[in-house]
1. Taking the Cα centre of the chain as origin, work out the dipole magnitude from +1 charges on Lys and Arg Cβ and -1 charges on Asp and Glu Cβ, in debye rounded to 20.
2. If you line up the long axis of helix 254-264 against the longest principal axis of the chain, both from Cα atoms, how many degrees apart are they, to the nearest 10?
3. Need the full-extension length gain, VAL86 to ALA413, defined as separation in residues times 0.36 nm minus the C-alpha distance. One decimal, nm.
4. Computed FRET efficiency, Cβ-Cβ of THR236 and GLU339, R0 45 Å: what is it to the nearest 0.05?
5. Can you give the direction-averaged projected area of the convex hull of the alpha-carbon atoms in the range 299-442, in nm²?
6. Return the long-range amide H neighbours of GLY204 (sequence gap of 5 or more, or a different chain), with a cut-off of under 5 Å between placed amide H atoms.
7. Please compute the alpha carbon radius of gyration of the range 14-240, then divide it by the globular-protein estimate 2.2 N^0.38 Å. Two decimals is fine.
8. Any idea what the dipole of the range 217-298 comes to, in debye rounded to 20, about its Cα centre with Lys/Arg Cβ at +1 and Asp/Glu Cβ at -1?
Amino acid sequence: MRPDNRAPDQAREVSIITDFVRTAAGSCLIATGNTRVICTASVEESLPAWRRGSGLGWVTAEYAMLPASTGTRKRRDGATKDGRGVEIQRLIGRSLRQAVDMRLLGERTITLDCDVLEADGGTRTASITGAMVALTCAVDKLMREGKLKVSPIVHQVAAISVGIVDNTPCLDLCYQEDSRAQVDMNCVMDETGAFIELQGTGEGRAFSAAELQTLTSYGAKGVESLLAAQREALGTRAARIGTRPVLVAATGNAHKLTELQSIFGEFYAVVSMHDVGFDQDIVEDADTFAGNAAIKAETVCAATGLPTIADDSGLMVDALGGEPGVYSARYCGHHGDDEANNDKLLAKMAGVENRAAAFHCAIALKRPGRETLVAEGACPGVILHARRGSGGFGYDPLFLYEPLNKTFAEVNAEEKNAVSHRARASAKMLELLRAEKERGQL
């Protein structure tokens with residue numbers, strides 16, 4: 001019989017109170033049985049010197065036991081921490097770094113402070129579990145403030161202790177059990193059931209493979225219940241955890257980004273290349289839309305290490321031999337001047353009876369270590385003699401989509417995304433992605 005009458009595979013009751021420290025970016029008070037830990041997350045818009053200029057963020061931790069946490073007064077840490085405290089805070093930091101994509105965190109530091117109010121066994125595992133909640137609260141605050149465009153939290157992490165007491169494998173040891181355990185082990189796991197760290201020691205005796213299997217099975221069961229408790233405590237903020245994988249859009253065009261987010265939101269959280277720190281100029285020197293799209297996707301993917309999607313699109317006018325084609329954005333001689341580009345097109349089409357044209361788009365998807373996927377689409381229409389509509393961008397005011405009898409500058413986003421060249425190329429790319437998903441290759 002265990003001291004608190006629990007079954008061997010039964011964890012202690014857990015409670016998590018979020019926002020326990022109002023001045024922290026994120027915080028909670030976690031209680032597992034009689035063990036209670038305050039976990040806070042502090043955000044600094046700076047990095048340790050060795051990390052600066054890397055484009056990567058940093059997550060670190062500090063751990064301390066308050067003087068009365070063990071009943072007998074514990075001396076406060078001075079300039080030098082005790083070895084146990086250093087080892088535990090390193091464990092907390094290692095564990096929580098597995099939850100975060102440092103590229104998405106950006107060049108800032110999140111420090112997780114875990115202060116034990118009351119110790120009754122499992123303080124390090126409770127600290128890890130509580131620190132995950134504090135970290136998520138801090139990320140939510142950064143996103144609400146607009147400092148982060150997408151959550152960098154890619155995994156949910158929790159931890160629990162297991163051990164062998166009186167030759168019986170047990171879950172979530174209290175101090176009375178921990179102090180006389182024959183085998184002591186800490187399980188740190190993520191939401192997929194994968195181990196981040198497994199610390200096991202035969203303090204009183206060696207343990208068998210069968211006992212190890214029982215202990216890890218108990219640990220997985222305990223972590224699963226802690227993950228649920230974390231999500232319940234976080235409420236809507238739990239949506240910041242394990243969001244869709246990030247897809248970088250190799251564009252600085254806000255209109256294109258919005259369209260790509262709408263189209264590929266089923267699979268990815270789409271962010272701009274600027275959101276992940278890519279601000280280099282890309283030389284698009286291919287003579288096809290597909291070639292330029294691939295150049296952009298491959299360049300940004302190589303620089304960021306993230307899956308990247310890029311498109312190259314433009315207008316091809318039959319009477320002009322396919323002009324402006326790949327030069328659509330700089331038809332007037334310099335890049336991005338929509339008014340000047342439209343003026344030049346109207347001038348070249350003056351007196352021309354054949355007004356047939358088509359928007360063409362090639363979309364390229366590059367993922368690290370995989371071949372570049374390319375999908376293409378086209379939308380036919382005619383060139384008007386004067387602009388119509390105030391929406392859209394590029395040549396939209398001159399391009400009439402005849403089935404709707406509207407220019408692309410007159411249709412709403414939903415109408416355009418249903419028929420545009422980018423929508424048609426995207427539909428083909430989505431077909432490829434869905435096929436990969438069915439094969440488990442996405």
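1. Roughly 780 debye, rounded to the nearest 20.
2. 60 degrees
3. Contour length minus Cα-Cα distance gives 112.2 nm.
4. 0.55
5. The Cα convex hull of the range 299-442, projected and averaged over all directions, gives 9.9 nm².
6. Those qualifying (amide H under 5 Å, at least 5 residues apart or on another chain) are VAL183.
7. For the range 14-240, the normalised Cα radius of gyration comes out at 1.01.
8. Dipole size: approximately 700 debye.
Only the coordinates and a few stated rules stand behind these numbers; no lab work does. No experiment lies behind these values; they were computed from the predicted model shown. When we count neighbours, we look across all protein chains shown, and the Cβ atoms used for this are built from the backbone with ideal geometry, even at glycine.
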